[in-house]
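Let me begin by handing over the structure; questions about it come next.
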Amino acid sequence: MAHSRPWYRQLYVHVLAAIVTGALTGRLWPSVGAAMEPVGTTFVAAVKMLITPIVFLTVVVGIGSADSLGRVGRVGLKSLAYFQAGTLAALTVGLVAANAFRPGAGVHAHPGDLRLGGDAARYVKAAEGQSHWHFLTDLVPSSPVGAFTDGNILQVLFFSVLFGIALKAVGPVGEPLVDGANRLSAVIFKILHYVMLAAPVGAFGAMAFTVGEYGVSTLVGLGRLVSLCYGTSAFFVIVVLGGVTALLRINVFRLLRYLREEFLLVVGTSSSESALPGLMLKLEGLGVRRDIVGLTVPTGYSFNLDGSSIYLSLAALYIAQATDTPLDPGRQCGLLTVMILTSKGSGGVTGAGFIALAATLTSVGTVPAAGIMLIFGVDKFLSECRALTNLVGNGVATLVVARWEGAFDADRARQVLRGERPPVEAAASVRSGEPGDDRAAPAFTEP
C-alpha cells in the first residue's frame, strides 16, 4: 500500500474547508464577502497565466518525443472522432431530458416583453458575429505571440502542433529544443505547484464573493432548470461515461474520487481553466503517455464539451417551452444539427456557454434569442455544472484514446485509483518502458 499524506494535509480538504468558510463569510457578512472578489479572481488569473505555456510545452514535447508523425496524426484523428460521438450523445441526452421533464412548461413568458440588457446583450451581440464554422475561422492566430497573450487555448494548440511537427520533421536539429522544452516544462509545473498552494485562499475569496453578492438562496432552490441540468449531467457522467470507463475496466466512482481536487477547484473558483493543468497531471499519473495527454486534453477543452452540450439542449428547449414556442421532432433535429457546430471551439472564453446558446438561437431563428434573459440570472451556476461535466468528459476521452492507441494499462491505472501505487511511480514506469506504454514519458510531479 502506498504511503499517503494525512487527510488533514490533503489539498482537497483545504479547498473544501475554504469553500465552506467562504460561504459562511458571505452569508454572515455579505459586504465582506462581496469585497473578496479580487482574492478569487487573482488566483484564477495566476492559473491562467500558466495554462498557455503548459499547453505549448506539453504538446511540443509530446510530438517531439513520439515515434513518428503518423502516431501524432492517429491520436489527433481518434480524439476528434471520439469528441464528435461524445458531443452527439450529450446533446441527445439533454434533449430527451428536456422533453421528458419540460422544465419551462407553465412559465408563459411573452417574447415581446423580454428585453436584452447588460452582459446578456453583450453576449448576444458577440454571438451574432459568429458563423457555424467559427471554430475553424478562429483557429489560426493573427500572430504566435497573440495566441499566448489572448489566452486562446485553441489557437495556442494550433501553433503548438505546427511547432512540434516542425521540430520532429527537422530531425536531430530539433532534438536539443525538445530536450529544452522538456526541462522548461518541469520548471513551469513547479511554478504551478507553488500557485496551487494558494488554491484554498482563491476558493475562499471566490465563494465568499458569490454568496455575499447574490445571497445564500443562490446555492439552494435555483429552480427546475438548474436541478434538471445537474441531474442530467450526473446521469451522463455516471451512466454514459461510466459505461465507457467500464469498457476500460475502470470504476468511474474511483476516477471521480481521484479527480476530487480538480472538481473542488472548479466549484470554488467558478473556472474550468483552473483545473486544466491538474487534470493533465492526474492523467499522466495514471500512466497515460504525455503525447496523448498533451493532444487530447487541450483539444477537448474546445471540441469535447459534454457539459456545455447538455446545457445547450436543455437551455434551448427550456426557452422554447417557457415562451410557448412549439418545436416538433423535425425542428428539434434541426436544432441538434446547429448545436453540434455552435458547441465547438468556445472553451476557455468568458461566457462561452452563454455565447454558444445565443449563437444557436440566433442561427435557428425559431426560438426567440431574447429568451436567454430568462436563464441569465442562474447561468453562473449552470456554468459550474458545465465545467464539472466537461472536466470528467475530457478525462474519460483521454483514457479512451490511450486505450485506442494500445497505450493504456488498465491494471496499473486501477492500482493508482485504489491508492496501491503512487501516481509518480505510475508515470515513471512509462518513462522506463514497462509493458503497456512507450516513449513520451510525462514529467509528473506530486500535486
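The values are calculated or read from the model by the stated rules, or taken from the named source; none is laboratory data. What you see is a predicted model, and the numbers here were worked out from it, not measured in a lab. Please note: Cβ atoms are built from the backbone with ideal geometry, for glycine as well, and neighbour counts cover all protein chains shown. Ligands, DNA and RNA are excluded from the accessible area calculation, which covers all protein heavy atoms including side chains. Shrake-Rupley method; radii C 1.70, N 1.55, O 1.52, S 1.80 Å.
Which one of the conditions (1) over 21 Å from Ile292 (Cβ atoms); (2) in contact with an Asp or Glu (Cβ under 9 Å, 6 or more places away or on another chain) does Lys190 fail to meet, given that it meets all the rest?
Going through the list (1) over 21 Å from Ile292 (Cβ atoms); (2) in contact with an Asp or Glu (Cβ under 9 Å, 6 or more places away or on another chain), Lys190 breaks only (2).
Follow-up. Looking at (1) hydrophobic (A, V, I, L, M, F, W, C); (2) open to solvent by 80 Å² or more (accessible area, probe 1.4 Å); (3) under 17 Å from Val59 (Cα atoms), find the lone condition where Leu197 falls short.
Among (1) hydrophobic (A, V, I, L, M, F, W, C); (2) open to solvent by 80 Å² or more (accessible area, probe 1.4 Å); (3) under 17 Å from Val59 (Cα atoms), the lone unmet condition for Leu197 is (3).
In this structure, is Val20 part of a helix (DSSP H, G or I), among the β-branched types (Val, Ile, Thr), modelled with pLDDT of 80 or more and open to solvent by 20 Å² or more (accessible area, probe 1.4 Å)?
yes
Quick one: which residue in Leu341, Leu336, Leu327 is among the aliphatic types (A, V, I, L, M) and modelled with pLDDT under 80?
Numbers: Leu336 fails: modelled with pLDDT under 80; Leu327 fails: modelled with pLDDT under 80.
It is Leu341.
Does Gly395 satisfy the criteria of being open to solvent by less than 50 Å² (accessible area, probe 1.4 Å), touching a Leu at 6+ places or on another chain (Cβ under 9 Å), modelled with pLDDT of 75 or more and under 20 Å from Tyr82 (Cβ atoms)?
Answer is yes for this residue.
Another question, if that's okay. Kindly indicate whether any position in segment 251-267 is within 28 Å of Gly164 (Cα to Cα), hydroxyl-bearing (Ser, Thr, Tyr) and touching a helix residue (DSSP H, G or I) at 6+ places or on another chain (Cβ under 7 Å).
Checking segment 251-267: not a single residue is within 28 Å of Gly164 (Cα to Cα), hydroxyl-bearing (Ser, Thr, Tyr) and touching a helix residue (DSSP H, G or I) at 6+ places or on another chain (Cβ under 7 Å).
Based on this model, can you work out whether Met36 counts as at pLDDT 80 or above, among the aliphatic types (A, V, I, L, M) and within 30 Å of Gly174 (Cβ to Cβ)? Can you show your working first?
On the way: at pLDDT 80 or above: yes; among the aliphatic types (A, V, I, L, M): yes; within 30 Å of Gly174 (Cβ to Cβ): no.
Answer is no for this residue.
Within segment 420-442, identify whether any single residue is at pLDDT 80 or above and touching an Asp or Glu at 6+ places or on another chain (Cβ under 6 Å), and answer yes or no.
Of all residues in segment 420-442, those at pLDDT 80 or above come to none.
No, the conditions are met nowhere in segment 420-442.
I would also like to ask the following. Which residue is modelled with the lowest pLDDT, if the candidates are limited to segment 249-282 and must be surrounded by fewer than 18 Cβ atoms within 10 Å (Cβ to Cβ) and over 30 Å from Asn99 (Cβ atoms)?
Filtering first and then ranking leaves Arg260.
On to the next question. Can you name the residue in segment 69-119 that is polar (S, T, N, Q) and open to solvent by 50 Å² or more (accessible area, probe 1.4 Å) and, of all such residues, is modelled with the highest pLDDT?
Only one residue tops the list, namely Thr92.
Here's a follow-up. Quick check: anything in segment 27-46 hydroxyl-bearing (Ser, Thr, Tyr), under 29 Å from Pro141 (Cα atoms) and not in a helix (DSSP H, G or I)?
no
While we're on this one: Which one is surrounded by the fewest Cβ atoms within 10 Å (Cβ to Cβ) among residues in segment 407-422 that are in a loop (DSSP other than H, G, I, E, B) and at negative phi?
Glu420
Right, next: Provide a single number: the residues in segment 284-297 that are open to solvent by less than 10 Å² (accessible area, probe 1.4 Å), in a helix (DSSP H, G or I) and under 13 Å from Thr58 (Cα atoms).
8
Also: Of the numbered conditions (1) out of contact with any Phe, Trp or Tyr (no Cβ under 9 Å at 6 or more places or on another chain); (2) open to solvent by 10 Å² or more (accessible area, probe 1.4 Å); (3) modelled with pLDDT under 80, Leu361 satisfies every one except a single condition; which is it?
For Leu361, the failing item is (2).
Right, here's the next one. Can you tell me which residue in segment 154-174 is nearest to Pro38 (Cα to Cα), limited to those that are more than 20 Å from the chain's Cα centre (by Cα), open to solvent by 30 Å² or more (accessible area, probe 1.4 Å) and free of Cβ contacts under 8 Å to residues at least 24 places away in the same chain?
Looking at residues that are more than 20 Å from the chain's Cα centre (by Cα), open to solvent by 30 Å² or more (accessible area, probe 1.4 Å) and free of Cβ contacts under 8 Å to residues at least 24 places away in the same chain, I get Leu162.
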